[in-house]
Amino acid sequence: MRGRLAAVSIDLDEVPNYFAIHGLAVPERSGAAVSLSAVYDTALPRIAAFAASHGIPVTLFAIGRDLARPESAAALRALSDAGHAVENHSYGHRYDLSQLPRAAIAWDVLLGAEAIAEAVGRRPTGFRAPGYTVSDALFDALDAIGVAFDSSVFPCPPYYAAKALAMGVQRVKGRGSSAILDTPRVLAAPRRPYRPGRPWYTRGGRRFVELPIQVTPGLRLPVIGTSVALSGVAGARLLARACAGERFVNLELHGMDFLDRGDGLEALAPYQPELRVPLGRRLEALGAFVEEVARGGATFVRLDEAASERGLIV
């Protein structure tokens, strides 16, 4: 094993997904008022610049259906050719994917992998579920297509409680959400890399590795793009130091973390907390986290590289 490792992964959920989770009508087309392809058109170049400025590789999780747009596929291919990894974030980004019939789950996972392979010329070896929500049926599908790793499990009590509260408030206000609430059993899952069993939140003998979304030791506070970016530089460094004893730090971001309200997202700003903080301040905080983790002796790798490190598995 190479010592402490860290990875930055970024879910490329395109703008319409955010309208859906907030129960808002999705505009019919892009225009001056809203940009429905801002993640690929605007965030992706900023992601490339962020990775280059810090000298790190990133792992990008793409939604298969988004790659039917030639401009998005070309932009993703460019980052893949530059050495960054592109992995499977499903084909249709259904938040209830894990609850669908087994055949429907398997078909969606396979279509996502095929769309990515066609777009970037490399078949993905990893998966991340929409909304971090998994099931034994979904893990069976991942086993069947031979993935090397999954990175979806998020055993974070504060995040779980905040999501449940937010969804409840939306219902009271008469707005539904495409998101679903995970089973509370996720809170019993290991917070460090493990080989899943059956049920999925236990250790076992599946062929692939689970790389959980990062939480701090003890309180299991969320260490994701929103919490890091909104903590400011000082808070981001504190979160990084809280993970100093971890053999692997798995920072998960979204393309939205690299967008500003002025990028055609004024309609989302009242609902997305990160859009109410200037992009420059958020990027400074994310950069501070990466720098602090590197200063602590961690080497940044792609998630597929981390999954191959046997010494990480507990």
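The values are calculated or read from the model by the stated rules, or taken from the named source; none is laboratory data. What you see is a predicted model; the values in this text were computed from it and never measured. Positions of Cβ are generated from backbone atoms using ideal geometry, with glycine treated the same way; all protein chains shown enter the neighbour counts. What goes into the accessible areas is simple: the full protein's heavy atoms, side chains included, and nothing from ligands, DNA or RNA. Shrake-Rupley method; radii C 1.70, N 1.55, O 1.52, S 1.80 Å.
Counting only heavy atoms of the protein chains, get the accessible area per residue of the chain (1.4 Å probe) and round it to a whole Å² value.
Numbers: 12360 Å² over 314 residues.
Per-residue value: 39 Å².
Seen through its C-alpha gyration tensor, with square-root eigenvalues sorted a ≥ b ≥ c, region 111-262 comes out rounded because a/c lies under 1.5. In this rough spin-label picture, where each label sits 7 Å from Cα along the Cβ direction, the Glu266-Ala234 distance is 3.4 nm.
A DSSP coil position with no more than 13 other Cβ atoms inside 10 Å describes the following trypsin sites (Lys or Arg not before Pro) in region 186-234: Arg207. For the chain, a Gaussian network of Cα nodes joined below 10 Å ranks Ser227, Ser53, Ser152 by mean-square fluctuation, and the top entry is Ser53. Would you pull out the residues with amide H under 5 Å of Glu210's amide H, same chain only if 5 or more places away, H placed 1.01 Å from N? It is Asp150, Tyr194, Arg195, by chain and number. Here region 1-159 exposes an accessible surface that is 57 percent carbon and sulfur, computed with a 1.4 Å probe and the other protein chains kept in place. Among Pro222, Pro270, Pro124, the residue with the largest mean-square fluctuation in a Gaussian network model of the chain, with springs joining Cα atoms closer than 10 Å, is Pro270. Secondary structure note: in the chain, about 10% of the DSSP beta bridges are antiparallel.
Relative contact order of the chain, please, whole-number percent, based on alpha carbon pairs below 8 angstrom and at least 6 residues apart.
Details: 624 pairs, mean separation 79.5, N = 314.
Reported relative contact order: 25 percent.
Principal semi-axes of the equivalent ellipsoid, √(5λ) from the alpha carbon gyration tensor of region 5-82, are 25, 14, 12 Å from largest down. Quarter the surface of the alpha carbon convex hull of the chain and you get the mean projected area, 14.6 square nanometres. Database remark: amide H of Leu60 closer than 5 angstrom to the amide H of Ile10, Ala85, Val86, Glu87 (H placed geometrically; neighbours at sequence offset of 5 or more, or on other chains; Pro and chain starts carry no H). The label-point distance for Ser308 and Leu111, in a model that sets each label 7 Å from Cα toward Cβ, rounds to 3.2 nm.
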